[in-house]
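Asks: I'd like to ask you about the structure that follows.
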Amino acid sequence: MGALRMTPAEIQARIDTLPRVPIALRNTPLEEAKHLSKVLGGPRIFVKRDDLTGVALGGNKLRNLEFRLAHAMIDRPDTVIVGLDLQSNSARQTVGACNKLGLKAILVLEGAKPAEVQGNLLIDYLLGADVHFAPDRHVQRQMLDQLAAQVRATGGRPHILNDNPMFDVASAVAYLETTLEVVSQLQKNDLTPNYFYMSSSGKGSAGIILAQKLLGLPFAMHGVPATDEFHIPSRTAAIANESAAALGLDLVIEESDITSFDNFVGQAYGIPSAAGDEAVRLFARTEGIVLDPIYTGKAAAGLVAHIREGRFNSSDIVVFVHTGGTPAVFTWNELWL
Ligand SMILES: Cc1ncc(COP(=O)(O)O)c(C=O)c1O
């Protein structure tokens with residue numbers, strides 16, 4: 001790891017060199033969860049409310065889309081086509097962002113249209129997306145290309161977002177900036193963070209670890225992924241290094257710099273877990289903060305488990321990044337009845 005140290009203003013200046021379109025509401029609030037902390041007998045917990053980024057019910061991808069869609073705009077598209085999962089938060093936020101920018105959005109979602117349309121899919125329709133369904137990734141890819149060809153044939157200018165090279169870097173840069181926000185918000189109360197917790201499979205968490213190294217702050221970044229699809233330490237380090245290069249920074253993040261807890265996925269990606277559901281109820285019933293059972297609930301389960309294991313002092317400052325995903329509480333409605 002290089003020993004590059006930068007001020008927040010210097011880091012922000014690097015971020016500001018990247019093309020960007022304004023989409024998200026920023027800065028999001030940093031809210032102290034005093035009742036939650038009291039109930040858990042735990043450290044001081046601050047929730048970074050990135051569920052409140054505004055467009056289409058908010059979430060982490062709106063920050064990412066500011067950079068990703070700016071890159072897409074180089075080709076002056078009028079239509080954005082993207083292939084994602086059936087209940088994707090990213091899809092919902094992409095359609096909302098496209099609406100704001102005056103772009104038509106076409107979704108190709110993996111799966112079949114359910115008998116009852118709920119959660120993110122419901123919002124996709126509400127936002128006016130042209131929604132298509134693909135039985136698997138292979139067919140999804142063919143459909144993306146076919147739909148792009150159709151748009152072109154009628155004089156349109158399509159951009160297939162899956163081919164946009166900025167996805168990983170956009171998320172990491174977005175969460176590098178979010179960390180600057182958090183550090184500044186805490187500093188106003190003369191506080192500095194000791195730990196960050198966030199649902200991430202490597203993109204957002206790469207940004208937080210970059211911030212930690214660049215600012216030279218002694219906090220620990222604890223990523224809690226919602227999937228076991230990746231080897232998170234190598235993926236996170238690679239994304240962090242790619243992002244550092246995109247910002248012109250001479251810094252190397254090693255796999256050993258990454259801390260990720262993969263024991264909160266539960267049965268599988270996309271399936272709620274008992275510990276995650278308990279954490280969703282706990283945040284809701286102590287703070288009125290609605291998490292989701294697929295991403296943020298599982299990350300919160302990691303934090304709750306670590307508090308119960310006695311890992312923290314009562315004066316520790318723990319930042320929990322709420323990355324959004326709340327429409328999933330409607331998809332999984334029976335969990336809360
Ligand atoms: C609500 C929510 N939290 C966290 C994540 C993970 O984000 P990343 O792996 O990009 O850091 C996602 C992305 O899919 C998400 O939808």
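What follows is calculated from the coordinates using simple rules that are stated; it is not laboratory data. Fair warning: this is a prediction, and the values are worked out from it, not measured in the lab. Counting neighbours? That spans all protein chains shown, and the Cβs are built from the backbone with ideal geometry, glycine included.
Asks: Give me the Debye-computed log₁₀ of I(q)/I(0) at q = 0.09 Å⁻¹ for the chain, equal point scatterers on Cα only, no solvent, two decimals.
Replies: Summing over Cα pairs of the chain leads to -0.46.
Asks: Sticking with this one: Rounded to the nearest 0.05, what FRET efficiency do H231 and Y125 have when you use their Cβ-Cβ distance and R0 = 30 Å?
Replies: In this case the efficiency is close to 0.25.
Asks: Also, I was wondering about something else. Across every pair of different alpha-carbon atoms, what Kirkwood hydrodynamic radius in Å does the range 138-293 reach?
Replies: 17.8
Asks: Here's something else I'd like to know. At most 16 other C-beta atoms within 10 Å and a DSSP loop state: those are the exposed GluC sites (Glu not before Pro) I care about. Give me the longest piece of the chain that has none.
Replies: For GluC sites (Glu not before Pro) (loop position, at most 16 other Cβ atoms within 10 Å), the longest site-free span of the chain is 1-115.
Asks: Using 15 Å as the cut-off for backbone N distance, which residues of the range 28-51 belong to the label zone defined by a point 7 Å from the Cα of S315 along Cα→Cβ?
Replies: In the range 28-51, the label zone of S315 (backbone N under 15 Å from the point 7 Å along Cα→Cβ) covers 43-44.
Asks: DSSP beta bridges in the range 63-163, what fraction antiparallel, as a percent rounded to 5?
Replies: Percentage antiparallel, nearest 5: 0.
Asks: With both partners inside the chain, how many of the DSSP beta bridges are antiparallel, as a percent to the nearest 5?
Replies: If I count the DSSP bridges inside the chain, around 10 percent turn out antiparallel.
Asks: What is the gain in length, in nm to one decimal, between E334 and M73 on full extension, counting 0.36 nm per residue of separation less the C-alpha to C-alpha distance?
Replies: Length gained, E334 through M73: 89.8 nm.
Asks: Pick from V39, V252, V47: which is most flexible by mean-square fluctuation in a GNM of the chain where alpha carbon atoms under 10 Å apart are linked?
Replies: Most flexible of the set in this elastic network: V39.
Asks: What value, in deg cm²/dmol to 500, does the helix sum -39500 (n - 2.57) over DSSP H runs of n ≥ 4 give at 222 nm once divided by the residues of the chain?
Replies: After summing the helix terms and dividing by residue count, I get -13500 deg cm²/dmol.
Asks: Also: What does the net charge come to around Q150 if you take all other residues with beta carbon closer than 14 Å to its beta carbon, with K and R at +1 and D and E at -1?
Replies: 0
Asks: Using r as the Cβ-Cβ distance of K38 and E255, and R0 as 30 Å, what FRET efficiency do you calculate, to the nearest 0.05?
Replies: Plugging the Cβ-Cβ distance into 1/(1 + (r/R0)^6) gives 0.20.
Asks: Let me ask you something else. Against the longest alpha carbon principal axis of the chain, how many degrees, from 0 to 90 and to the nearest 10, is the axis of helix 296-308 turned?
Replies: Once rounded, one gets 10 degrees.
Asks: Tell me the net charge near A211. Cut-off is 15 Å between Cβ atoms, A211 excluded, with +1 for each Lys or Arg and -1 for each Asp or Glu.
Replies: Once positives and negatives cancel, what remains is +1.
Asks: Q142 to D85: extension gain in nm, 0.36 nm per residue of separation minus the Cα-Cα distance?
Replies: This chain segment gains 19.0 nm when fully extended.
Asks: Find out how many positive minus negative residues lie around A275, taking Lys and Arg as positive, Asp and Glu as negative, among other residues whose Cβ is under 15 Å from that of A275.
Replies: -2
Asks: Related question: Compute the helix-to-body angle for 137-153: its Cα long axis versus the longest principal axis of the chain, expressed 0 to 90° and rounded to tens.
Replies: For 137-153 against the chain, the angle is about 50 degrees.
Asks: Calculate, for T192 and Q150, the FRET efficiency according to 1/(1 + (r/R0)^6) with r their C-beta to C-beta distance and R0 41 Å; round to the nearest 0.05.
Replies: It comes to 0.15.
Asks: Next up: Angle, helix 203-215 long axis vs. longest principal axis of the chain, Cα atoms, 0 to 90°, nearest 10?
Replies: With rounding to tens, the tilt is 40 degrees.
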